[in-house]
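Quick note: the coordinates plus some simple rules give every number you see, no bench work behind them. These figures come from a predicted structure and were not determined experimentally. All Cβ positions, glycine included, derive from the backbone under ideal geometry; neighbour counts span all protein chains shown.
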Amino acid sequence: MECAELNSKIASFEYTITEVATKVNISRPTAIMLQLQFTKDTLPDSVSNDFQNLNKFNEQQFTSLTEILFNFLLEPKEADRFLHQLSEFAGENGMSAGPLRNLMKSLLLLPHGSLKKNLTEDQVKEDLLTLGVSEDKADHFSQQWSLHYPVLSRLAVGQTLMVNQLVDMEWKFGVTVGTSELQKVGNTFLQLKLVIRKGNSTENVYMELTLPQFYNFLHEMERAKASMDCFS
Amino acid sequence: MAPMNTRHCKAPSKDAVRQLCADSFPSGAPESWRLAESTAGTLSVSAIEAKELIAALHTLSHHILFHNLTAPEQILVLFPKSFHPSLKILITKIMLEHSPTWRNEALSNQISLPHLVEMDWRVDMKTASDSVSRMAVPTCLVHMKVEDSSCLRGSGALSSVTVELSKETLDTMLDGLGRIRDQLSVVAGK
């Protein structure tokens, strides 16, 4: 019916979200979902409202909130600090902490989704505008996004699953002086201790290498590194 | 040494003596009744006498190995004065012949941490994960087989370890290995 025409109009941004919603008789949130890049899921009404409520903050307040948010993203383990900073902000600006926390939870969906989809600064800004955030706030947020993006993406990659990750390697080498069979010996040996992360605990693996084995090991590891360097 | 004198004289051939020296070297030899019996048969002596002979040869070969006696004179003085001369020389010759092999055997059997037996590696490219849907991150997997030498030789329990290394970890590891290599060349140069 009107689908094809609508699709082309959406593509050329001739219609606003509200027009799309009324034309096809769908809710505004569903219309938004059609255009968002950071997520394919339907955002609940509460989330859409939270984004629109961002417009109620003035420039300075929005800048502080953005800073608190990115501080948390850069150090995800500091959840307590994040909540503490939010309570402080709520107190200073005369609002209750509960709704503010919910607002931030909704806001967090955007950077998480954008990180997953590797969105650019422009794409993040588009999504914010689609959600009804004002131009200058969308501008500021997307600029902060592009500023912190390299660090955030490294963090995300670092969180990727690793199996039996090598955590530490200790070594010593020495000379065998004598044994119960031979009074005088002069054999060089190398002992390696590898610390491996298995789940939540670490495991130590001990092994001994003769010198030829050590040189072979070194050679193979250099080949592995050369291979990895090809790809980065 | 005295038991050796009389019994050895009855040995049918030089090869028999040679074989006996080789058979009496392993650590289980003095206790082996089977060896004692077969020796008794070869030399036409009683089993008990054969056992004493084996024990004597075992002690002699291990003594030579421990003190690393390489010159015939050093070994000849171990025998008592009344020992049959050509037998003395024959046994000395056989012991010296076998010494390098026995020495290597002893070295490879000594106690140590598990030995690295085999090692191989592979470089993978991670293309997606639950936190990032598109990425291109290389990662290295190293697989090592270690043999626990505290178990019987040859039937050592082979355990296997697979380790994953990121690029940074591999660089750091190579750093460490490079330092080992430098230290080794310093020691070798001295």
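Charge dipole of segment B:80-190 (Cα centre as origin; +1 on each Lys and Arg Cβ, -1 on each Asp and Glu Cβ, all else neutral): 700 debye, rounded to the nearest 20. Computed over the alpha-carbon pairs of segment A:31-151, the distance histogram in 5 Å steps reads 2, 11, 23, 25, 21, 13, 4, 0 percent, short to long. Between amide H atoms placed 1.01 Å from N, distances below 5 Å from residue A:187 occur with A:176, all of them 5 or more places distant or on a separate chain. Coordinate range of the alpha-carbon atoms in chain A per principal axis, descending: 95, 50, 26 Å. The simple Förster model, with R0 at 41 Å and r as the Cβ-Cβ distance, assigns residue B:143 and residue A:61 a FRET efficiency of 0.15. Taking packing as the residue-averaged number of other Cβ atoms within 10 angstrom, the listed peptides A:52-59, B:110-117 run from highest to lowest as B:110-117, A:52-59.
Mean per-residue shielding of peptide B:113-120 is 5, counting Cβ atoms of other chains within 10 Å of each Cβ. Secondary structure note: in the protein assembly as shown, about 95% of the DSSP beta bridges are antiparallel. Relative to the Cα centre, the charge distribution of segment A:31-151, modelled as +1 at Lys and Arg Cβ and -1 at Asp and Glu Cβ, gives a dipole magnitude of about 380 debye. Take each residue in B:134-144, count the other chain C-beta atoms within 10 Å of its C-beta, and the mean is 5.
Straight-line cross-link partners of residue B:51 among the lysines, defined as a Cα under 19 Å from its Cα and at least 8 positions apart when in the same chain: B:10.
Averaging the sequence gap over all C-alpha pairs within less than 8 Å and six or more residues apart, then dividing by the number of residues, gives chain A a relative contact order of 14 percent. Computed 3J(HN,Hα) for segment A:37-42, one whole-Hz value per residue from the Karplus formula 6.51 cos²θ - 1.76 cosθ + 1.60 where θ = phi - 60°, is 9, 7, 8, 9, 7, 6, glycine and proline marked x. Subtracting the Cα-Cα distance of residue B:67 and residue B:162 from their residue separation scaled by 0.36 nm leaves 30.0 nm. On full extension, the segment bounded by residue B:76 and residue B:111 gains 9.5 nm, given 0.36 nm per residue less the C-alpha separation. Projected label points at residue B:185 and residue A:88, each 7 Å from Cα along the beta carbon direction, are separated by 5.4 nanometres. If R0 is 25 Å, the Cβ-Cβ spacing of residue A:100 and residue A:75 corresponds to a FRET efficiency of close to 0.80. Using only the C-alpha atoms, the convex hull of the protein assembly as shown corresponds to 240 Å³ per residue. Think of chain A as having a plus end and a minus end, set by charges on the Cβ of Lys, Arg, Asp and Glu; of A:176, A:74, A:112, A:176 sits farthest toward the positive end of this dipole. Modelled label positions at residue B:49 and residue A:202, each set 7 Å beyond Cα in the direction of Cβ, lie 6.6 nm from each other. A cut-off under 11 angstrom between Cβ atoms defines the neighbours of residue A:117, and their net charge, with Lys, Arg +1 and Asp, Glu -1, is +2.
For the pair residue A:160 and residue A:218, the difference between a 0.36 nm per residue extended length and the Cα-Cα distance amounts to 18.2 nm. Per-residue mean of foreign Cβ neighbours for A:184-196 is 3 (Cβ atoms of other chains, 10 Å radius).
By the beta-carbon count within 10 Å of each Cβ, the least crowded to most crowded order of B:34, A:101, fewest first, is B:34, A:101.
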